[in-house]
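Participant: I have a structure here, written as C-alpha cells, and I will follow up with some questions on it.
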C-alpha cells in the first residue's frame, strides 16, 4: 500500500500539470461523456449571438426614433421614442447575464443598466456639456436608466418634459445628451456583438475544461450570479427592503416610467429559464444546456425541480402590480414573497447544480444568503 500511494499521487500531479484551460475534454465531472462543447455551441449560436443581434436591431430602431425626436421634439415623436426605448430595454434583459468575453472586459453591463440613475450626475453632465460617458463615474448616468429619466423624469408632465427639449434655454444640451446616450449604447453593443461574431465565439466553444478560468465554468458562474444578484437582488430584493431596514421603492428598475418594472422582471426570468433549458432565442427549439447536462448526470430530478421553481417565481411576480413602486408602497408582502420564491432557486443552482457539475463558485457572496 505504501508503494501504491506515491504512484497514484504522481499520476494525479502529472494529470493536473498537463491540463489546459482551453482543452476540449470528452469526459466531464460525474463520469459522463456529456458534450460540453455542444452545450456551449448551442448557447453561443442559438441564444447569445441572436440575443445580441436582436438588441442591436432594437437599438437601431431606438436611434432612429431618437433622431426624429431630436429633429422634432413633439408628443408623437416622444411616444415613439418611449416605445422604442422599452422594446430595446426588454431585449437587454436577454443579454444582461452574458458578462463574459468583451462584455466583461469593457464592463458592458455597468454602462447599460446601473440603477437607480444618478440624476444629479445626469444634470451636471448636461449643464457642463463636457463628459466621458465611458468613465466609471458615469456608470449611473448612462444606459437605459438614464434614458428612463430623460424620457419620463425630467418633469411631472409631458408638456413640461417637452419644454426641456424645446423652449428651455439649454434645450440643445438636453437633446445632445439624449443623443449621446443612445449612440454610446449602440457603439458598446456593436463592440460586444462584433467580438462574438469575429473571434470570441470559437474561443468560447473550445474552452470546455473544468477549470476556474475556462469559459464553461465562468459562464455557469456568470449565469448563477446574474440570477442571484441581477434578478433576485436588484430587481426585487433591494427595492422590497430585503437588504435594508425599510423598503426602498425608489430603487426599482425603470423608476420614472413606473409602469414596466414587472414586465422587465418577467422578461429577465424568461431569459434565465431559456438559458437553463437551452431554448433558442426565437423559442422554437432547444439544444444542449444546463438541463440536459444535469440529465446526463442522472439528475433529471434537479432539472425538473429548477424549472418548477422558475415557474413558481413567475407566478409570484405575475400577481404583482405592473408598477413595483406602487406594489411596494401598498402591499410589500407580495414583493417579499416573490423574492422568497426566487431565493429558493438560488440554493438549487448555486449548491445542487454546481455540485453536480463539480464546478466551484467563483464570486464572493456577502449578502448573507
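Only the coordinates and a few stated rules stand behind these numbers; no lab work does. Predicted model, so just to flag it, every value in this text is computed and none were measured. Here the Cβ positions follow ideal geometry from the backbone for every residue, glycine too, while neighbour counts run over all protein chains shown.
Participant: To make sure I understand, if each residue's beta carbon is the centre and we count other beta carbons within 10 Å, what order do 104, 288, 267 fall in, fewest to most?
Facilitator: So the residues, fewest neighbours to most, are 104, 267, 288.
Participant: Taking other Cβ within 10 Å of each residue's Cβ, how do 114, 47 sort, fewest first?
Facilitator: 114, 47
Participant: Any idea how far the Cα center of region 118-194 sits from the one of region 307-326, in Å?
Facilitator: 31
Participant: If you rank 193, 55 by fewest surrounding Cβ atoms within 10 Å, what's the result?
Facilitator: The fewest-first ordering by Cβ neighbours comes to 193, 55.
Participant: Once both labels are modelled 7 Å past Cα along the beta-carbon direction, what's the residue 318-residue 167 spacing in nm?
Facilitator: Between residue 318 and residue 167, the simple spin-label model gives 4.7 nm.
Participant: Enter the angle in degrees (range 0 to 90, nearest 10) between the Cα long axis of helix 49-71 and the first principal axis of the Cα atoms of the chain, meaning the one along which they spread out most.
Facilitator: 10
Participant: Sticking with this one: Would you mind listing how long region 209-369 runs along its three principal axes, going by Cα atoms, in whole Å with the largest first?
Facilitator: 47, 37, 25
Participant: Relative to the longest principal Cα axis of the chain, at what angle does helix 300-318 sit, 0 to 90 degrees, rounded to 10?
Facilitator: 10
Participant: Counting only C-alpha contacts under 8 Å and six or more residues apart, can you give the relative contact order of the chain as a whole percent?
Facilitator: 22
Participant: Any idea what angle helix 4-17 forms with the longest principal axis of the chain, computed on alpha-carbon atoms, 0 to 90 degrees, nearest 10?
Facilitator: Long axis of 4-17 versus the principal axis of the chain: about 30 degrees.
Participant: Follow-up question, since we're still on this one. How big is region 32-208 along each principal axis, measuring the range of its Cα positions in Å and listing the largest first?
Facilitator: Dimensions of region 32-208 along the principal axes of its Cα atoms: 66, 31, 24 Å.
Participant: I've got another one for you. What is the projected area of the convex hull of the Cα atoms of the chain, averaged over all directions, in nm²?
Facilitator: The Cα convex hull of the chain, projected and averaged over all directions, gives 21.0 nm².
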